[in-house]
Each structure stands twice: as structure tokens, then as C-alpha cells.
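Beneath this line is the structure, given in C-alpha cells, with notes to follow.
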Amino acid sequence: MAGRHGHGVDAVSHPVVEVRDLQYTYPDGNPALRGLSFSVAQGETVAIVGANGAGKSTILLHLNGCLMPQAGTVRIGDFPLSKRTLPDVRRTVGMVFQDPDDQLFMPKVQDDVAFGPLNLGLPADEVDRRVMHALSIVGAAHLKDRPPYRLSGGEKRAVAIASVLSMSPTILVMDEPTSNLDPQARRRLIELLKTFEQTIIVATHDLDMAFDLCARTIVVKEGRILTDGPSREILQDAVLLVAGHLERPLRLQGCPVCSPPG
Amino acid sequence: MEKTGSSLLDLTYLDTLSDQDTPVHRLDPRVKLLTTLLFIVCVVSFNKYELSALLPFVIYPIVLVALGNLPLGYLLKKVLLAAPFAFLVGIFNPLLDRAVLVHLGPLEISGGWVSFASIMLRFVLTVSAALILVASTGFNAVCLALEKMGAPAAFTVQLLFLYRYIFVLGDEALRMLRARSLRSFGGRGMALQVSSLMIGQLLLRTLDRAQRIHLAMRCRGFDGEIRIARQLRIGGRDLVFLVGCSAIFLFMRLHDVPRWLGDTAMALMR
């Protein structure tokens, strides 16, 4: 694994994300989060895993104020999440949604990547610089004049990430970044994310990615945290994983060809 | 995705056409938009029996198609696709208006037929002009031009979003149709009632998506105004095109050029 994970859990003393007793009930009365707490340090990579409906996406939506806590608190860097700090929080936390079609709404790729910086009120040449920089990071500079609906799934995902990077967030939050990607596009994305300096928080079912990318894993079950610790330990603990409606990452399971089960 | 787009409205192909680099494509979108609008106003404002004075206007689409390297056959097909509407509008004229207007030797042509032909000609001219505008400019640039010329932002933003998401919506509708037809055996399940339920479903999905898009926009600092960082510049050639075209259109609007040519020819022969 990359060296960047070295300053992981022991740096918790200075968290960039701090969630305390967070609770949230959806308007239809369905309780999504029943009081969970965790904090993330600068530069950490954290996977949030769990069954469908365990509350992963709801947690993510709280991290940049798409949802406001009904009880408990969320702190991003120096800001407690509230209506007043929303612009600062959103500048700090870049959110990559699961469906790139929801995120790429502008007519051209470069307009989309420029959308955030323009809303920050940056001057035109600075916006241009940021757009090209963000696109080149994700290897999509050649797509800048294309309309988003004519991109492949992998290209869309790359551009969606660039559209968030252009605001220079220090924290990246992603919902299922590897969903609907072909294996090579998925591998490229993982390699790309490994090179990022930002703090990364991903919600995913792709446990192999969690194993590859994230030093730390948080298992969520029914709106509570089941366990929170180093991915290497958690993702090998079969009993724990089954309790969270999960299983060991495929590459940690026996090879069906060389050692057939039974 | 692309396939749906093209089978739906062939919009993607129109977009590809607008990616070219020809003298027509290089013109400022605002200039092309204004010229097209003036062309349409000139063509539409003739009286209902006018035919001969309309003919010279054919030059504009022909010249643009040639200079802009646009596929004539494709554009004609698109025009034909919309033709039934104009046909329905005009087809009752020959029935209602039977007064003989033109004598061509033994042939007597009623005013209804003349106005019908006039309607069809106007239709072909205006629709092809609009298609050429989009094919040589691109839908987004047309929206941008509209906004720069002072159209309300709410209107242009709606247009942009419509164009962006029509593909996504078409895809979604297609998937639902496919799912239904796969499970509708022998026509059962294809009833009107099911269709209305599906349209409702599609609306709900669209609302859901709209909410997610809005969320994604808010996350990136959206405050109700869409800012597009692109400068348009009107150069000398743009002005020449605009002034030249306007002068020609107005001249053709005010003078019946074919009749004038005919009269001159007759006078010379005498």
C-alpha cells in the first residue's frame, strides 16, 4: 500500500471530520442513523461499508450539509456544520455522487468542471487554470470540449471527480466510486485515488477496493457503527463481516480453481 | 446512450455536425441567430398567396449548406419528418378557397392551392433555416447566444438542461418500455392504463433525479445563477455577414425578384 497511509490512525488527535452521536430519521419515519460517532484525521482514507440501507449514503450526505443533523453534531475542520458555515464546509468537502449523470449537468465537460470555481467567484484565468489542472489529474484533459452524455462510464466518473477537484477540496467524499465501471476502468480509478493527497471517505460495496485503497474501514449496521479499525484486520474477520451482511473481499477468499471448496 | 439519442431525435448527429470548422461554423452564434430570425420573419411576413417572391429565399439555406459542409440529404429528411404538421395546417385551404387565382394556359389554379403551396414553401424555408442554425452552431452555443443577447437566464438555463437531460430521460423511458414489452405476452400489458402508469412513474423518477441534480449543484456552490465562462467576440466578418444577409433579405422581402427579372427580360425582348 502507498506510503501516504503512514500517518493514519495515530493522527486522530487532530481530526478533519468529527461526527458525534449523529441521528437522522427520514421524513417517512424510517430511522437511518441511530447515533453514531467517528472522526477522521488529515490524509486518512476511510471506507464506510455495510448492507443496503445500513445508512452509508445518509452519513455521506451529512458530511457536506446535504442533510443537516437532527441530533448530534458534525464538524468539518474548524467548522461545526450549520446553515451559516455551509459555504465553507462545501468548499472543504468535495462530494462525488454515485450517478455521474446527476453530477455532470453542464453542456460541456469544461463548463461542468468550471461550475464550482465560477460559483466561488474566482477570476476567469484562475478558473481556466483549475479546470485544466483538475482534468489533467484525472487524465481527461482531451475530453474538455465533449458533452457529458457522450462519454463512457469511466470517463464520466473521471470527469465527475475532476468537477469536484477543481474546487480544491481537502476532503473527498465518494458514494460508490467503482459502481458500473468495467474492471480496467475500476482499476485505473483505484490507482488514481491512491495518488491523491486529500482525505478520502468512500461508501462502497466493493470490499476489494476498500482493501486496496483504504487503510481504515468502518462497518455500519442499521444506523450504528458495528466496528471501526484497520481494513487489514476488519476485512479478514469473517465472523464480523457476516454480522454486517458482508463477506471477505474476493481476493482474500480461496481461489476456486487451484483450491476448490469442499 | 448514443444509440438512444440518435434513434430518438438524432440530436447527437446534429451536434457532431456543429463540431466542424467552416466559414459558417466560425461565425459568431449571435450573428447566425439574428440572421436566422430575420430570415424567418421575412419569409413568414409575406401575404398568403405569395409564391414567386418567396423563391429567391431558397438561396440562403443552399449557400449555408454548401459553405457549412452540411449533409443536404440528412437535413431534407429532418424537414420531411416535420412536414406532416405543415401539411395538416395547409391542406384545407384548397377545399375552402376555390376562387380561381391563376390561369396557366388551360389550367386554372384556385387560391387555396396557391396558399397551400405557399405554406409548404415557407415551412421548408423556415425549418431548414432553423436546422442549419443548430447544425452549424450547436444547441449550446445557440442558448449561449440567446443569453448574451438578453434572453432571461431562466429560459436559457431551462433549454440547456432540457438538452442535457433529454438523453437521460429518453434512456430511462426506453428501458421501461423494454422491460414492459419483455413481460407483455400477446399484447396483454400493453393497455393504455399501463402506459399512463408508466408515464407517472417516469415523472416520479424525473423528480427524483431533479432533486439529486439540484443537490449536486448546491454542493458546488450553486446560488441560483449559472455562470458560463466563455467569451464571444464579434469580428469584422461577422458584421459583414449580418449586414449583407439583412440587406439581401430586406431587398427580397420588399421586391418580388422573380417578377422583376421576368419583367426586365420581357422588356428586353420587345
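The residues on offer are B:144, B:232, and the sole one that is within 30 Å of residue B:61 (Cβ to Cβ), in contact (Cβ under 8 Å) with a residue 24 or more places away in the chain and surrounded by 17 or more Cβ atoms within 10 Å (Cβ to Cβ) is B:144.
Exactly one residue among B:155, B:167, B:161 is more than 14 Å from chain A (Cβ to nearest Cβ) and within 30 Å of the chain's Cα centre (by Cα), and that residue is B:155. Only one entry of A:146, A:91 meets the criterion of being within 12 Å of chain B (Cβ to nearest Cβ), outside any helix (DSSP H, G or I) and not β-branched (Val, Ile, Thr), and that entry is A:146.
Inspection of region A:50-58 identifies no residue that is within 30 Å of residue B:162 (Cβ to Cβ) and facing chain B (nearest Cβ under 10 Å).
With the condition kept exactly as written, say whether any residue in region A:164-181 is of a type in the set (Gly, Ala, Ser) and farther than 30 Å from residue B:18 by Cβ. Yes, some residue in region A:164-181 is of a type in the set (Gly, Ala, Ser) and farther than 30 Å from residue B:18 by Cβ. Does residue A:120 satisfy the criteria of being surrounded by fewer than 23 Cβ atoms within 10 Å (Cβ to Cβ), facing chain B (nearest Cβ under 10 Å), within 27 Å of residue A:62 (Cβ to Cβ) and touching a residue at least 24 places away in the same chain (Cβ under 8 Å)? So residue A:120 passes the test.
Residue B:223 - would you say it is modelled with pLDDT under 85 and assigned to a loop (DSSP other than H, G, I, E, B)? The answer is yes for residue B:223. All conditions in (1) surrounded by 16 or more Cβ atoms within 10 Å (Cβ to Cβ); (2) under 29 Å from residue B:173 (Cα atoms); (3) among the hydrophobic types (A, V, I, L, M, F, W, C) hold for residue B:80, with the sole exception of (1).
Which residues, counting only those in region B:1-25, are at pLDDT 50 or above and either closer than 10 Å to residue B:167 by Cβ or within 10 Å of another protein chain (Cβ to nearest Cβ) (or both)?
We begin by selecting, within region B:1-25, every residue at pLDDT 50 or above; these are B:9-25.
Within region B:1-25, B:9, B:11, B:12, B:15, B:16, B:19 qualify.
Candidates in region A:206-262 are the residues that are among the polar types (S, T, N, Q) and out of contact with any helix residue (DSSP H, G or I) (no Cβ under 9 Å at 6 or more places or on another chain); of these, the one that is surrounded by the most Cβ atoms within 10 Å (Cβ to Cβ) is A:253. When A:79, A:105 are screened for being more than 10 Å from every other protein chain (Cβ to nearest Cβ) and either buried (at least 21 other Cβ atoms within 10 Å of the Cβ) or closer than 18 Å to residue A:170 by Cα (or both), only A:79 passes.
Report yes if residue B:174 is surrounded by fewer than 17 Cβ atoms within 10 Å (Cβ to Cβ), touching a Ser or Thr at 6+ places or on another chain (Cβ under 7 Å) and part of a helix (DSSP H, G or I), otherwise no. Quick ask: steps written out before the conclusion?
Working: surrounded by fewer than 17 Cβ atoms within 10 Å (Cβ to Cβ): yes; touching a Ser or Thr at 6+ places or on another chain (Cβ under 7 Å): yes; part of a helix (DSSP H, G or I): yes.
Judged against the criteria, residue B:174 is a match.
Among the residues of region A:94-134, those identified as under 19 Å from residue B:226 (Cβ atoms), of a type outside the set (A, V, I, L, M), part of a loop (DSSP other than H, G, I, E, B) and touching an Asp or Glu at 6+ places or on another chain (Cβ under 8 Å) are A:97, A:105, A:108.
The values are calculated or read from the model by the stated rules, or taken from the named source; none is laboratory data. Remember, predicted model here, so these are calculated numbers, not experimental data. As a convention, Cβ positions derive from the backbone with ideal geometry for all residues, glycine included, and neighbour counts pool all protein chains shown.
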